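A.B. asks: Quick one: the structure is below, and I'll ask about it shortly.
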Amino acid sequence: MSAQQAETSRPTAEEQRPRANWKSWAGAALGLVVLALAAWGLKKISGQVTLAAVMAEIQATPTHLIVFAALSTFLSYVVLVGYDWFATRHLGYTKIGWPTLAAASFSSFTMSHTLGVTILTGGTVRYRIYTRVGVKPADIAMIILLCGWTFWLGIIFVAGIGLIVSPTLAEPIREWVPPALEEWTGALLLAGVVGYTVFAAGWRREFRLWRYRFTIPDGRQTLQQIAIGTLDLALAGGALYILLQPVAGIPDLLTFLVIYAVAMVTGALAHAPGGLGVFELVIVGLMPDADKAGVLAAVALFRILYTIIPFVLGAALIAVLEARAFRAARAIAADPPAGAPALPANKH
């Protein structure tokens, strides 16, 4: 069912003024705490590994592993298009073509992966692209929310499965945590996913946010979200896992995917560009038996493949799209359609 937006009255200047609340202050405080812990952890790591050792590990990485990791990265970005496909279809925009969906997905995700602050960076890109094909601004906000929720469903589902099937995440702190901590945590995460899916299947009433009305995805659609989010996480985390193969002491794949999920979430909470520093700290810290130089070398290569190269390509794509839009606007201004009002002459 598509979302519906009622007409709203124009807000006053006072209403438009942004106001901080306890949630924004709490989010900022949490980000500072995470960054402080990351700085402390990285300082400890820096005393245990040298830049020369990391560079040597990078140079020693087999070429075929880099190629396989690049292929896994490419497939993960292909799957990311499914986020926008699902969100636009749920809202009733069934005529948006795949080229537009791919452009919006790839360019927005590359910006948010590198720069952080997803709503501001990736949201702005989606707004520029989707408004050109007739998507309402309020629906664009809902697209961003649906994409985010798809990501979280995949994260929670993979973490739940991983903690139950391969419960070794808490080995470094086993003496301080109760037995079966991972299994119980995984069961709670999976119970949350199952509970939400059942709720989505049975709840078909509209929600209302101010004057905006919407329905949540139904049970079948929620399963689609879980599948998309899980496949994305498996391919992205799998790319890093491939690069880690030469490193001694790495865990099994399911355990690593849980570690990767924790690193992604922690990096997002820190609001640092691309989770820089925080992501590395979590990956290294949750694999205490792995060679630190080798892990940091793999993460550096992963950032090149998953973040830097796509960011450059995404920026180039945005430049091309903006140039096309500018030329189209100039063409319309120079030769307006029949019946359109003439533009006033520039007197300056």
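A.B. asks: Calculate, in nm to one decimal, what Ile332 and Ile119 gain on full extension: separation in residues at 0.36 nm each, minus their alpha carbon distance.
C.D. replies: 73.6 nm
A.B. asks: Working out 0.36 nm times the residue gap between Ala187 and Glu322, then minus their Cα-Cα distance, what length gain in nm do you get to one decimal?
C.D. replies: 43.9 nm
A.B. asks: Along region 308-316, what does the Karplus equation 6.51 cos²θ - 1.76 cosθ + 1.60 (θ = phi - 60°) give for ³J(HN,Hα), rounded to whole Hz, x for Gly and Pro?
C.D. replies: 5, 4, x, 4, 4, 5, x, 5, 5
A.B. asks: Shifting gears a bit: Using each residue's phi in region 215-220, evaluate 6.51 cos²θ - 1.76 cosθ + 1.60 at θ = phi - 60° and report the 3J(HN,Hα) Karplus result to the nearest Hz, with x for Gly and Pro.
C.D. replies: 10, 6, x, 6, x, 5
A.B. asks: Which of the chymotrypsin sites (Phe, Trp or Tyr not before Pro) found in region 207-259 are loop residues per DSSP with 10 or fewer other Cβ atoms within 10 Å of their Cβ?
C.D. replies: Trp210
A.B. asks: Let me ask something else. Per-residue accessible area for Glu57 at 1.4 Å probe radius, Å² rounded to 10?
C.D. replies: 70 Å²
A.B. asks: Got a sec to turn the phi values of region 181-191 into Karplus ³J(HN,Hα) couplings, 6.51 cos²θ - 1.76 cosθ + 1.60 with θ = phi - 60°, whole Hz, x for Gly and Pro?
C.D. replies: 4, 5, 4, 5, 5, x, 5, 5, 5, 5, 4
A.B. asks: Heavy atoms of the protein only, probe of 1.4 Å, neighbouring chains included. What is the accessible area of Leu115 in Å², nearest 10?
C.D. replies: Here the residue's solvent-accessible area equals roughly 80 Å².
The values are calculated or read from the model by the stated rules, or taken from the named source; none is laboratory data. Values in this document were obtained by computation on a predicted structure and should not be read as measured data. Methodologically, a virtual Cβ is constructed for each residue, glycine included, from the backbone with ideal geometry; neighbour enumeration extends over all protein chains shown. Protein only, heavy atoms only, side chains kept; ligands, DNA and RNA dropped before computing areas. Shrake-Rupley method; radii C 1.70, N 1.55, O 1.52, S 1.80 Å.
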